[in-house]
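Please treat every number below as a calculation from the coordinates, not as lab data. Bear in mind the structure is a predicted one, so any value in this text is a computation, not a measurement. Virtual Cβ from ideal backbone geometry, glycine too; neighbours counted across all protein chains shown.
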Amino acid sequence: MKEIVAIIRPEKLEEVKNALEAAGCHGMTVTEVRGRGRQLGITESYRGRDYRIDLLPKTKIEIVVNDEDVDTVVETIVKSAQTGDIGDGKIFISGVDEVVRIRTGESGKKAV
Amino acid sequence: MDAVLNSGDTAWMLVSTALVMLMTVPGVALFYGGLTKKENVLNTMFLSLIAFAVTSIIWVLYGYQFAFGADIMGFIGSPVNLLMNGVGVNTAAALAPTIPDFLYIAFQLTFAAITVALISGAVVERMKFSAWLAFIVLWVSLVYVPVAHWVWGGGFLAQLGALDFAGGTVVHINSGVAALALVYLIGKRKDTRLLPHNLGYSVIGASLLWFGWFGFNAGSALTAGGLAASAFLVTNTAAAAGMVSWVIMDYLKVGKPTVLGGISGAVAGLVAITPAAGFVTVPAALIIGLVTSVISYLAVSYLKPRLGYDDALDVFGIHGMSGIWGSVATGLFAAPFINELGTGLIYGNPGQLTAQVIAVAVVAAYSFVVTLIIGKLLDFTVGLRVSSKEEIEGLDTHLHEETGYRI
């Protein structure tokens, strides 16, 4: 089992969610976050003075999937979240030791 | 002579008084509240609300009487009718003989209250609430009341012929300069960036200011007639010109129009037309509004960073500077065919300009010096500034045990 954490542009969330659903991936946890990568920030201007806003609003999606589904999900996110400009975000993949469904107490692959 | 109350005038002035109240609560509170950090939104709004409440009480106890009582040597009013004793329900106001005394008192109350509330914009995000409370009491008593008497209550500036239709000197220069004196004492914030946490609040606040300003300026005619209508139209014209002018400055300087620029320009235009509202023509109002945003824009974006004072929400830059321009402009553009009381330079009376400049200088100097003394006194006693931990973590949780947003 793997956990896929994708940091994407907030405005791409709907597109990514719909694409994942079409690919058969329904479960996810979404958080509004702030962060920065190479984009480093944008400039805002108030009463004639410029300020660099160096942490930008991003959306974090967390999905846990079985090993064989990782490639499909990652590909789907990349395709649907991409604009080609700096600031598209990143995807992190890591291992998950165990998953438990609280409602039934099931664990392992069945619970994913 | 028995004065006769006029129901039309009385009705208009009742409405005007309520309109001016709306400028502080919630106008200024929202305008300022949206511009600060989210950790300070409630404290910022509270400074305006409490200023309105405390000033309201001072005004009926003794403030009005000292400001508008019979003149003593040009400096202060004679305090009869303390606590409103002896004011009759149907007594006509001495300075507005067609409306009841109680109404004139209430109308003037709303002016005193907004003047103090305006000052708070300079010291937000770092002033102790207890110090602010004490400041309101001392400042209204020692600065607002005498200045209002000098200009409006028959004091020496009125005798000199200085014109101030609705508060260019009494309200805007007075609050703007006091703000400057207070930030000089209280010092810079740790984070001096102006990053509005909810600019939408400020848009609503500024819009309510614009709306309420019709009561402020057209109400200052004290009658429901042609002069009020003229003041109404020049007020709107100057506000519109101020907004357009600031947006043009934005285009020239940063290349994009900003919403904060638009509302700041409208407020600057409203401030500038305030002393002139009952004296000038519509074309003059257009010039006053267009010029004032350039002045305030330069004050805010060049003067402030150069001099390094931390006037958080630009009370001096907008109210002080536009107030000075408007007061001087009144001496230039006052048209005798609008109001027989004022003939400006362009209509052949240079003396009016001199009177205006003297009034500006006297009010600014008095407000600056006495505010410094009051501020110094408070700094030695209760202390002006919160602890650095409180400032960093936010005043809402530390001073009020509340938060603006539960997210």
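Before moving on, here are some points about what is shown:
- Seen from a random direction on average, the alpha-carbon convex hull of segment A:2-111 projects onto 8.5 square nanometres.
- Relative intensity, log₁₀ I(q)/I(0), of segment B:174-283 from a Debye sum that treats every alpha carbon as a point, q = 0.10, 0.12, 0.22, 0.23 Å⁻¹: -0.37, -0.53, -1.16, -1.19
- When +1 charges are put on Lys and Arg Cβ atoms and -1 charges on Asp and Glu Cβ atoms, the dipole computed for chain A relative to its Cα centre reaches about 500 debye.
- The calculated 222 nm mean residue ellipticity attributable to helices in chain B amounts to -19000 deg cm²/dmol, summing -39500 (n - 2.57) over DSSP H runs of n ≥ 4 and dividing by all residues.
- Where a label projected 7 Å from the Cα of B:LYS190 along Cα→Cβ would reach, residues of segment B:305-328 with amide N under 13 Å: none
- Here segment B:250-407 is treated as an ellipsoid with the same Cα gyration tensor; its semi-axes, largest first and in whole Å, are 36, 22, 14.
- Each label point was placed 7 Å from the Cα along the Cα-to-Cβ direction; for B:MET73 and B:ALA365 their separation is 1.8 nm.
- Trypsin sites (Lys or Arg not before Pro) restricted to DSSP loop in segment B:168-248 with at most 13 other C-beta within 10 Å: B:LYS188, B:LYS190, B:ARG193
- Average Cα contact separation per residue, chain A, under 8 Å, 6 or more apart, as relative contact order %: 42
- Residues in segment B:164-189 that a label on B:ILE358 would reach, taking backbone N under 20 Å of a point 7 Å out along Cα→Cβ: B:164-171, B:173-174
- Solvent-free Debye scattering, log10 I(q)/I(0), computed from the Cα coordinates of segment B:339-407 at q = 0.13, 0.20, 0.23, 0.29 Å⁻¹: -0.66, -0.91, -1.00, -1.12
- Residue range of chain B that is longest and free of GluC sites (Glu not before Pro) which are both DSSP loop and sparsely packed (at most 15 other C-beta within 10 Å): B:1-339
- Loop-located GluC sites (Glu not before Pro) across segment A:1-98 with a Cβ neighbour count of 14 or fewer within 10 Å are A:GLU98, with loop assigned by DSSP.
- Mean shadow area of segment B:7-400, taken as a quarter of the surface of its Cα convex hull (nm²): 17.5
- The lysines within cross-link reach of A:LYS60, meaning a Cα-to-Cα straight distance under 28 Å and a gap of 8 or more places when in the same chain, are A:LYS2, A:LYS12, A:LYS17, A:LYS79, A:LYS90, A:LYS109, A:LYS110, B:LYS37, B:LYS38.
- GNM result for chain A, Cα springs below 10 Å: residue of A:VAL33, A:VAL73, A:VAL65 fluctuating most strongly: A:VAL33
- Residues B:HIS172, B:HIS149, sorted so that the one with the fewest Cβ neighbours within 10 Å comes first: B:HIS149, B:HIS172
- Under the criterion of Cα pairs below 8 Å and six or more residues apart, the relative contact order for chain B equals 23 percent.
- Convex hull volume of the C-alpha atoms in segment B:1-138, normalised per residue: 109 Å³.
- Between segment A:74-112 and segment B:1-47, the Cα center-to-center distance that results, in Å: 54
- Using all pairs of distinct alpha-carbon atoms, the Kirkwood hydrodynamic radius of segment B:316-379 works out to 13.0 angstrom.
- Shown here is the pair-distance distribution of the protein assembly as shown: with all Cα-Cα distances grouped in 10 Å bins from zero up to the longest one, the shares run 4, 17, 25, 20, 12, 8, 7, 4, 2, 0 percent.
- Close amide-amide hydrogen proximity is noted between A:VAL64 and A:ILE4, each under 5 Å apart and 5 or more residues distant or on a separate chain (H modeled in the peptide plane; Pro and chain starts excluded).
- Residue list for segment B:154-172, given a label point 7 angstrom along the Cα-to-Cβ vector of B:GLU340 and an amide N cut-off under 15 Å: none
- A:HIS26-B:LEU252 FRET efficiency (beta carbon distance; Förster radius 51 Å; 0.05 resolution): 0.45
- Once the chain from B:VAL4 to B:TYR347 is taken as fully extended at 0.36 nm per residue, the excess over their C-alpha distance is 120.0 nm.
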